Amino acid sequence: MSLLNAPHHDGSIGLVPPGPHAAGEAVPVTVKVPKAAGVTGVWLRTMRDGEQRLTRARLKRPGQFQDTYVADVVVHNEPSQYRFLLQAPDMPGGYQWLNGAGAHGHDVGDDADFRLTTATPPPAWVGAGTVYQVFPDRFARSARADARQLPDWAIPMAWSAEPAPLAPLTGKQIAGGDLDGIAERLDHLVDLGATTLYMTPFFPGQSNHRYDAASFCAVDPILGGDEALARLTAAAHAKGLRVMGDLTSNHCGKGHEWFQRALANPASPEHGMFLWAGAGGVPEAGADIHPKYVPAYVSWLGHHSLPKLDWANEHVRRRMVTDDDSAIAHWLAEPFNLDGWRIDVANMTGRYGKTDKTLEVARLIRERAEQVRPDAAIIAEHFFDYTRDLPGNGWHAAMNYAGFSRPAWGWLADPGEEGKHFGLPIPFARTPGRAMVAAMRDFASRVPWQVAAAQWNILGSHDTMRVRSRFGTAQNVELAAALMFTYLGTPMLFAGDECGVNGQNGEHSRVTMAWEQAATGGPRWDRDTHAVIRSLARLRRDVGALATGGLRWAVADDEAVAYLRETPQERILVVIARNAWHGATLPRWVLGPEAPELLFGGSFVDTPSLDVTDDGLRLEATGPAVGIWRLA
């Protein structure tokens, strides 16, 4: 059954003028109503100061297969929410509501209403291509690394060795990757089709992941120091790549200079920068009490190596954000010129007990970043429901674990894999395609369109098991990658996933890149998988509708999904089947005057059949399959 017979609206260009929108502005919004929906009238429903208002929509363009209506949303509240009331005599009750989650034959709440915001949209470059994530210690090692002495806490690891999957070795193994090594391999990113390099922290710490920063004022000497970062960003920008850093706004390391001064002197300004049990807080469950100082300090999830910052403190705000040499501002300016930050555990930043300053902090960080670099991007790490943290004027977007990763993991899970979803105590089971689509629509509907269009869509990261391990086969990896590179938002690829590497958990997944196998292939470099990912990443970079188009679901069956990505100039059809599929017929209006053009067909899997019939566009699959067509 095709979902294209249902009315449709989203916030994409062609349906809503691009923002930002000014207070008091009347913004024309367009809704498409297929004839098959049986709709006889359309009204716009807005909420102004908590009171409902209904305005009859104007018929903008009648059509043979669908009509187009338009109505004006007056931007009054922040955000200004709206949905459509559709008069449908054949529906129970005679009407439907259309909101961001779809059409409903019953009354609905306001949470999934469409939203207009006066906030500036995320920078256009965020959604223009693919984000490529690098774990600096494991990506590439330059000749300069040989002369550097490792700190006492580090345990040397051979480049070809398998990372330890469990503590105590996981955070201490050093393979010797550095920033100059990344700079030497930037052509790999460009050739792949990536447009943004995102690195996990480069600050000095006492671990290979460096989320336990000992300073926010320097680049770790093991990585090459400040000069190496300046060389890397200059080289990346020369190749057309953006570069994003990774900052822990929630905490620092217990070895951080601020925390050491706080421990040494309770009367110091630094002491007030942290949360202490004696200052109105209580130790978290399982938290260690520092042996040399009582009361205990609050830490991230009870890990005593990561003391938590108090964002009610002015010194935290100054040193992290507002000062010229602050952690946020310093690295965005010359000579480093970072293009933005990914904010680690943004969901916990500014939250503790009765205190919730997360949105306040997000706005502060974004405002300061944009002062230094007007097109800077601020992306939040968030594993759970991020919707209340993304109203449009805080974090630009989030890592979309809840609204993309988890649904995709469930639909394409390896039936023989007994792994678990991140953070859940029970093994996951394969879910039907309609459940995946419902989850994706639910999360996307609860944030402004400009946020949904910038979300980082992830199949795997340095905190999860590897894509190949999760999905089991190269066939399933291809299906998952096709979904990631064509779905609404920004695809994010963890270095090595394009080569089909394995890893059973976040620590085990932090493998080194097997550059010596790139030319001929090998057990840690699957050249066929690399070719598939390269094709999809380049398609995502080069096809305008995949970067800026709307999203219109066409099919949500148990074994297959299909959707359109549309701009006024282009219509792309994506079809993904995880098994044999009886198929569906799409209405004829999806076709342009030319024959459908296949942009990508299956490599490890089949290409679905697509036949133009008198009834429309007939789709079927005899087994796992993926196809991407330009229709108009």
Seminar exercise, completed: For the range 60-177, the dipole about the Cα centre with charges only on Cβ (Lys and Arg +1, Asp and Glu -1), to the nearest 20 debye, works out at 640
Exercise. What are the semi-axes of the equivalent ellipsoid of the range 77-116, taken as the square roots of 5 times the eigenvalues of the Cα gyration tensor, listed largest first and rounded to whole Å?
Worked result: 22, 9, 7
Exercise. Which cross-chain or sequence-distant (5 or more) residues have an amide H under 5 Å from the amide H of residue 332, H modelled 1.01 Å from N in plane?
Worked result: 338
Seminar exercise, completed: Phi-derived 3J(HN,Hα) across the range 71-76 with the Karplus relation (6.51, -1.76, 1.60, θ = phi - 60°), rounded Hz, x for Gly and Pro, is 8, 9, 9, 8, 6, 10
Exercise. Using the beta-carbon distance between residue 516 and residue 169 and R0 = 30 Å, what value does 1/(1 + (r/R0)^6) give for FRET efficiency, to the nearest 0.05?
Worked result: 0.80
Exercise. Over the range 506-589, what number does the Rg to Rh ratio reach, with both radii from the alpha-carbon atoms and Rh per Kirkwood?
Worked result: 1.11
Problem set entry | Radius, Kirkwood style, for the range 128-252 when every pair of distinct Cα atoms is counted (Å) | 14.9
Problem set entry | Set of aspartates and glutamates with alpha-carbon distance to residue 254 below 14 Å, sequence-local pairs under 8 removed | 212, 270, 288
Exercise. Out of 523, 12, 488, whose Cα points farthest toward the positive end of the dipole of the chain (charges: +1 Lys, Arg; -1 Asp, Glu; placed on Cβ)?
Worked result: 12
Exercise. What residues have an amide H closer than 5 Å to that of residue 42, excluding those fewer than 5 places away on the same chain, when H is modeled at 1.01 Å from N in the peptide plane?
Worked result: 57, 87
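Hey, what number do you get for the chain at 222 nm if only DSSP H runs of n ≥ 4 count, each worth -39500 (n - 2.57), divided across all residues, to the nearest 500?
Numbers: 15 runs with 123 residues, N = 632.
Roughly -5500 deg cm²/dmol at 222 nm, from the helical runs in the chain.
Can you pull the Kirkwood radius for the chain, inverse mean 1/r over Cα pairs, to one decimal in Å? Don't jump to the answer; show the numbers that get you there.
Working: mean 1/r = 0.0389 Å⁻¹.
It is 25.7 Å.
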For this session: Using only the alpha carbons of the range 63-176, determine the length spanned along each of the three principal axes and report them from longest to shortest in whole angstroms.
Result: 75, 35, 31
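Would you mind telling me the share, in percent, of accessible area of the chain contributed by carbon and sulfur at probe 1.4 angstrom? Could the numbers behind the result be given before it?
Numbers: 12190 of 23510 Å².
Roughly 52 percent of what the probe reaches on the chain is carbon or sulfur.
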Problem set entry | Average accessible surface area per residue within the chain, 1.4 Å rolling probe, Å² | 37
Problem set entry | Hz values of 3J(HN,Hα) by residue in the range 79-92 - Karplus curve (6.51, -1.76, 1.60), Gly and Pro given as x | x, 9, 9, 7, 8, 10, 9, 10, 6, 9, x, 7, 8, x
For this session: Rounded to whole Hz and in sequence order, give me ³J(HN,Hα) for the range 117-124 from the Karplus expression 6.51 cos²θ - 1.76 cosθ + 1.60, θ = phi - 60°, writing x for Gly and Pro.
Result: 10, 7, 5, 5, x, x, x, 4
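Just to confirm the filter: which chymotrypsin sites (Phe, Trp or Tyr not before Pro) across the range 129-238 are DSSP coil and have at most 14 other Cβ within 10 angstrom of their Cβ? Walk me through the intermediate numbers first.
On the way: sites: 132, 139, 153, 159, 198, 202, 211, 216; in loops: 153, 159, 202, 211, 216.
Answer in residue order: 153.
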For this session: Quote the charge dipole size of the chain about the Cα centre in Debye, to the nearest 20; the model charges only the Cβ of Lys and Arg (+1) and of Asp and Glu (-1).
Result: 680
Exercise. In the range 538-632, if every C-alpha pair distance is counted and binned at 5 Å from zero, what percent goes to each bin?
Worked result: 3, 14, 26, 26, 20, 10, 2
For this session: Collect residues whose amide H, placed 1.01 Å from N in the peptide plane, falls under 5 Å from the amide H of residue 400; neighbours closer than 5 in sequence don't count.
Result: 456, 457, 458
Problem set entry | Helix axis angle, 433-444 relative to the chain longest principal axis, alpha carbon, degrees | 70
Problem set entry | Signed unit charges on C-beta, dipole axis of the range 102-246, positive-most listed residue 143, 106, 208 | 143
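For the range 358-443, what is the convex hull (Cα atoms) projected area averaged across all directions, in square nanometres? Don't skip to the answer; put the middle values down first.
Numbers: hull surface 26.7 nm².
If I average the Cα hull's projected area over directions, I get 6.7 nm².
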Exercise. Based only on Cα atoms, what Rg/Rh ratio does the range 472-620 have, Rh being taken as Kirkwood's radius?
Worked result: 1.01
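In square nanometres and to one decimal, what's the mean projected area of the convex hull around the Cα atoms of the range 518-558?
4.9
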Problem set entry | Separation of the residue 363 and residue 238 label points, Cα + 7 Å toward Cβ, nm | 4.2
Problem set entry | the range 21-103 pair-distance distribution - Cα-Cα, 10 Å bins, rounded % | 18, 49, 27, 7
Exercise. Helix 474-486 sits at what angle to the longest principal axis of the chain, using alpha carbons and giving 0 to 90 degrees rounded to 10?
Worked result: 80
For this session: May I ask you to list the GluC sites (Glu not before Pro) in the range 418-507 that are in a DSSP loop and have at most 12 other Cβ atoms within 10 Å of their Cβ?
Result: 418
Exercise. Out of 425, 501, 454, whose Cα points farthest toward the positive end of the dipole of the range 423-510 (charges: +1 Lys, Arg; -1 Asp, Glu; placed on Cβ)?
Worked result: 425
Exercise. What's the angle, to the nearest 10 degrees (0 to 90), between helix 527-542's Cα axis and the longest principal axis of the chain?
Worked result: 70
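The values are calculated or read from the model by the stated rules, or taken from the named source; none is laboratory data. Small disclaimer: the values here were computed from a predicted structure and weren't measured. Counting neighbours? That spans all protein chains shown, and the Cβs are built from the backbone with ideal geometry, glycine included. Side chains included, ligands, DNA and RNA excluded: accessible areas come from the protein's heavy atoms. Shrake-Rupley method; radii C 1.70, N 1.55, O 1.52, S 1.80 Å.
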